[in-house]
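To keep things clear, I will list the structure first and then write my remarks on it.
The values are calculated or read from the model by the stated rules, or taken from the named source; none is laboratory data. All of these numbers come straight from a predicted model, not from anything done at the bench. Note that each Cβ is placed from the backbone with ideal geometry, even for glycine, and that neighbours are counted across all protein chains shown.
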């Protein structure tokens, strides 16, 4: 096996040729490398717009971009064999605008990269979990520029305008939160969330959650809901939490999701784990923007919850459980 630094890697077979699929795949590859280095994904529509903006093609029905996207995935497999090192599928960053994940044409690349046996059909929940985990791997991979160079492809010299964020960024807050013992309000909210899974807004019929759930890292999440269709780690923040505590809660959700998915992967399971922040006060616009940027879902519940007791619908019995989509 040759190493990337050997300088003898050639253009993968999947990217060769003068046909539309191969030509478009060669144009897509550097665009997707930019996305990978920026921690972004791109929709089929945005890809079509960008190729036209650069004068690299004309408008086509976005459905047909599945073919060059597949060629990019095949190229990554070829490169992996060539260098003897796992290369995540770049085509996983090309997503459906509505779902935010690749279509089912990418199932082969997701399962192949994550070393999963491919069933005939992946459920929506399985595809979402595997796609999100694979995208994280694509964003973390450090050798995209080297691969471009060794394949004779050039990185794009600028940016993709439709994917640039115009919002003002600020450094994460690293002080100002409370370090006092857990308050009675926090304990009460944690217990209530564990007993009321219907407030999570999930299609998975969760039973009662477990409080103070312990990760292998020795971290503890406030509440954990477990189900065969997906697990959900919940961080709670009561009404007495200050802005710094709420911001810390957003970052804790990022950590808990990563830990949960890591443990599921270690067990040989599809990493269908997610996280959620439950608060008693609405986040400020700035904190909500941060949560949206980091992909953290937030649910706000009222401080006075007596009115919600009557809304506790009976959950299906175990015999009626089905494989519903996880959100």
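Yes or no, residue by residue, for (1) under 19 Å from residue 139 (Cβ atoms); (2) out of contact with any strand residue (DSSP E or B) (no Cβ under 9 Å at 6 or more places or on another chain):
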{"position": "251", "(1), (2)": "yes, yes"}
{"position": "266", "(1), (2)": "no, yes"}
{"position": "269", "(1), (2)": "no, yes"}
{"position": "275", "(1), (2)": "yes, no"}
{"position": "279", "(1), (2)": "no, no"}
{"position": "283", "(1), (2)": "no, no"}
{"position": "287", "(1), (2)": "no, no"}
{"position": "297", "(1), (2)": "no, no"}
{"position": "303", "(1), (2)": "no, yes"}
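Checking the structure you have, find out if any residue of segment 55-70 is surrounded by fewer than 21 Cβ atoms within 10 Å (Cβ to Cβ) and under 19 Å from residue 141 (Cα atoms).
Checking segment 55-70: not a single residue is surrounded by fewer than 21 Cβ atoms within 10 Å (Cβ to Cβ) and under 19 Å from residue 141 (Cα atoms).
Based on this model, can you work out whether residue 156 counts as out of contact with any strand residue (DSSP E or B) (no Cβ under 6 Å at 6 or more places or on another chain) and either assigned by TED's automatic domain parsing to the domain that holds residue 261 or outside any helix (DSSP H, G or I) (or both)?
When the stated conditions are applied, residue 156 passes them.
Restricting to segment 216-257, what's the tally of residues that are farther than 20 Å from residue 302 by Cα, in contact with a helix residue (DSSP H, G or I) (Cβ under 7 Å, 6 or more places away or on another chain) and part of a loop (DSSP other than H, G, I, E, B)?
The qualifying residues number 5.
Within segment 213-236, track down each residue that is touching a strand residue (DSSP E or B) at 6+ places or on another chain (Cβ under 6 Å) and in contact (Cβ under 8 Å) with a residue 12 or more places away in the chain.
Filtering segment 213-236 down to residues touching a strand residue (DSSP E or B) at 6+ places or on another chain (Cβ under 6 Å) leaves 213-214, 220-225, 231-236.
Within segment 213-236, 213, 221, 222, 223, 224, 225, 231, 232, 233, 234, 235, 236 qualify.
Considering only residues that are surrounded by 15 or more Cβ atoms within 10 Å (Cβ to Cβ) and more than 15 Å from residue 299 (Cα to Cα), which ones fall in segment 189-201?
Within segment 189-201, 191 is the sole residue that qualifies.
Can you name every residue in segment 165-188 that is modelled with pLDDT of 90 or more and surrounded by fewer than 16 Cβ atoms within 10 Å (Cβ to Cβ)?
Matches in segment 165-188: 184, 187, 188.
Being touching a residue at least 12 places away in the same chain (Cβ under 8 Å) and outside any helix (DSSP H, G or I) is the filter here, so list the residues in segment 55-84 that pass it.
Selection gives 56, 57, 60, 84.
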